[in-house]
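To start, the structure itself, in structure tokens.
Values in this text are rule-based calculations from the coordinates and carry no lab data. Values in this document were obtained by computation on a predicted structure and should not be read as measured data. Note that we place each Cβ from the backbone using ideal geometry, even for glycine, and neighbour counts take in every protein chain shown.
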């Protein structure tokens, strides 16, 4: 885009959107950031507007944290993805999570689907190897697999996810200080 086109486009943007361009300056060209700054200078942006923008950004981060640390799958969803591991069956539910920006729920859904498949296959192999007539052994091992999967998810996976997010926030703090 030419500088004139950028000026025309940026003059029609809201103040909060222009503040977002300046705040995310590494995602835009130097020209785009300088034109956004010039447009903000002509609007005489008050400190209150800047404070409101920063408050909105904090709320976005807060929402992201809630969606990706605190709001995991409920027990019924975990059961659903574990026992209905076929991708065609649970694809729509995962799409809803993706649209909502719930990265943790997508990762958990994939985790439970994979573990459900692995324990289903393993339980079938074990049952055939030891007692081909006893199908209850298949169900018992598969259900036991769900208990193991859930325990591992609640301890190891959860801790690892929180550590990744903490590291991500530490990096963003260092970048902001620079």
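Over the range 1-153, what is the relative contact order in percent, taking alpha-carbon pairs closer than 8 angstrom and at least six residues apart?
17
If I build a Gaussian network model for the chain, linking alpha-carbon pairs within less than 10 angstrom, which residue out of 29, 150, 15 has the largest mean-square fluctuation?
29
Using R₀ = 22 Å, calculate the FRET efficiency as 1/(1 + (r/R₀)^6) where r is the Cβ-Cβ separation of residue 71 and residue 98; round to 0.05.
Computed FRET efficiency for residue 71 and residue 98: 0.95.
State, to one decimal in nm, how far the label point of residue 46 lies from the label point of residue 156, with both points 7 Å from Cα in the Cβ direction.
Distance between label points: 5.6 nm.
Rounded to two decimals, what is Rg over Rh for the chain when you use alpha-carbon atoms and the Kirkwood radius?
1.21
So how far apart, in nm, are the two label points at residue 25 and residue 134 if each is 7 Å from Cα heading toward Cβ?
7.0
Tilt of helix 30-43 relative to the longest C-alpha principal axis of the chain, in degrees (0 to 90, nearest 10)?
The helix 30-43 is inclined about 60 degrees to the chain.
According to a simple spin-label model (label point 7 Å from Cα along Cα-to-Cβ), what is the distance in nm between residue 110 and residue 56?
Placing both labels 7 Å along Cα→Cβ, they lie 3.1 nm apart.
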